[in-house]
Amino acid sequence: MFNKAFKISFLFFLGVLVFESQTVAQDTTQYIIPNRENSPGQEQKPYVILISADGFRYDLAEKYDAGFLKKISSEGVKALSMKPCYPSLTFPNHYSIITGLYPSHHGIVDNTFYDKKRNQFYRYRNKKAEEDPTWYGGVPLWVLAERQKMLSASFYWVGSESHIDGIDPTYYFRYNEAIPIDRRIEILKEWLQLPPDKRPHFITFYFPEVDHTEHHYGTNSPETRAAVQFIDHSVQKMNEMCAKLNLPVNFILVSDHGMTNMDTLHTIPRPSVIDTSKFVIAAGTSLVHLYAKNKKDIKPTYKKLKAVARDYDVYLATNTPKRWHYRKKDDRYHRIGDILLVPNLPKGFSFSGRKISYGEHGFDNSLPEMQATFYAWGPAFKEHYVINNFSNINIYPLIAHILGLNIDSKIDGKFKVLEGILK
């Protein structure tokens, strides 16, 4: 439970979120696709609830004494850490987890990026772009399940409201932060109490709170402690509710990335050698893409940037670190910038001149601060089992195997990586 100071601070923060959310009307409708049902064979399958706690760095449960998560992860499967895909950002990694593909292969290469062929930006806060299925490659797990006559549900996930391949989860919500957690857990219970032919076997569930507080206050704040405790308490409620239903429910709790504290006073401005008339720029704190309007401008600008670079690295898209799987030859949808600027911690870019957040992510996915969380428990999983760091693309074939789904498209993840955590 929260102690009084943490509870007050987190309730204050939630109040700020509610106030901000009320400035724009939020759609809290539950969307239900009609005329779907589980096939008789799928009714006998187990259940998987995939929980994402955004920004829940691998060490936060121990750092802030999340009692339930520490207990349940020690009783089930715990990874010492989990490696996000590069860039270690929310949209690329949520979509990598749900498709088993690297961002360069599924097309969501950043939270914000540009597509030259379309002459359009994808921006993660633009609902029109977020819900346009033509931006998304790969086969999300809910699409895989629904194609094979297994029902799915989503309380938020990147792409879950985007009609990918014309298929939504049978039960889903458009992203909003207006539905309180107790009501969300009650809806989860309602889903699992539906008749067998209408009951979803694959469910996604998303928590934004830790990411929000880390951005606002940094990773060492009482607000972040309170957010971690909120996740801990909420997941415990979910687990206790499911235990009473006597269903073979398996939980996988992940995060999309870690978080690091930033130097908010000494940011990196836009280098003056960039001729903005010659490039389209997609600029974030932890990664900047430069898209050349004319190819002949790429190498001269690259050389100028290399000559003046301080506190950041400069890469051609043809020669980024191989371990990122983020080179031009990997880029199936041609959405990675021709030149990439990558800052060195603890500094970040501020091309707009605005103050950056106290906490940020998106940096090199091998950095300890960017490592994510992976816990799993339930009847499918071994007990008291610890594994080393692994890439999050391997979660997809694990879940498909538990649910007995046939993967019928090429993915980057390998079942053998996590096969050993199953009973």
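When +1 charges are put on Lys and Arg Cβ atoms and -1 charges on Asp and Glu Cβ atoms, the dipole computed for region 290-336 relative to its Cα centre reaches about 220 debye. Given R0 = 45 Å, the distance between the Cβ atoms of Lys322 and Ile181 translates into a calculated FRET efficiency of 0.60. Let's test the formula: R0 of 51 Å, r as the Cβ-Cβ distance of Lys149 and Lys117. What FRET efficiency results, to the nearest 0.05? About 0.90, to the nearest 0.05. Across region 160-169, computed HN-Hα scalar couplings (Karplus, 6.51 cos²θ - 1.76 cosθ + 1.60, θ = phi - 60°) run 6, 10, 10, 6, 5, 6, x, 10, 9, x Hz from first to last residue, x flagging Gly and Pro. Of the trypsin sites (Lys or Arg not before Pro) found in region 121-150, those that fall in a DSSP loop while having at most 15 other beta-carbon atoms within 10 Å are Arg125, Lys149. Fully extending the segment from Lys293 to Asn388 would add 29.8 nm, taking 0.36 nm per residue of separation and subtracting the current Cα-Cα distance.
The calculated P(r) of region 146-231, using every Cα pair and 10 Å bins from 0, goes 16, 39, 28, 14, 3 in percent.
Summary of packing: across the peptides 99-107, 219-227, 410-418, the per-residue average of other C-beta atoms within 10 Å ranks them, highest first, as 99-107, 219-227, 410-418. Over the residues of the chain, the helix contribution to mean residue ellipticity at 222 nm works out to -8500 deg cm²/dmol, using -39500 (n - 2.57) for each DSSP H run of at least 4. Taking one quarter of the surface of the C-alpha convex hull of region 276-391 gives a mean projected area of 10.3 nm². The residues Phe349, Phe374, when put in order of fewest to most other Cβ atoms within 10 Å, stand as Phe349, Phe374. Once the mean of 1/r is taken over each pair of separate Cα atoms and inverted, the chain shows a Kirkwood hydrodynamic radius of 22.1 Å. Ranked by the mean number of other Cβ atoms within 10 Å per residue, highest first, peptides 58-70, 377-389 order as 58-70, 377-389. Every pair of different Cα atoms in region 29-129 enters the Kirkwood calculation, which places the hydrodynamic radius at 17.3 Å. Exposure proxy for Asp232, Asp165, Asp408: other Cβ atoms within 10 Å of each Cβ, ordered fewest to most, give Asp408, Asp165, Asp232.
Toward the positive end of the charge dipole of region 135-250, with +1 on the Cβ of Lys and Arg and -1 on the Cβ of Asp and Glu, the farthest Cα among Pro195, Pro180, Val139 is that of Pro195.
Neighbour counting of Cβ atoms within 10 Å sorts the residues Ser272, Ser234, fewest neighbours leading, into Ser272, Ser234. Normalised by residue count, region 183-233 yields a Cα convex hull volume of 83 Å³ per residue. Helices of the chain meeting both criteria, an alpha-carbon length of 24 angstrom or more along the long axis and an average Kyte-Doolittle score not below -0.5, with helices taken as full DSSP H segments, are 4-21, 222-243.
A short reminder: the numbers here are calculations on the coordinates, not readings from a lab. Everything numeric here is computed off the predicted structure, so don't read it as measured data. Please note: Cβ atoms are built from the backbone with ideal geometry, for glycine as well, and neighbour counts cover all protein chains shown.
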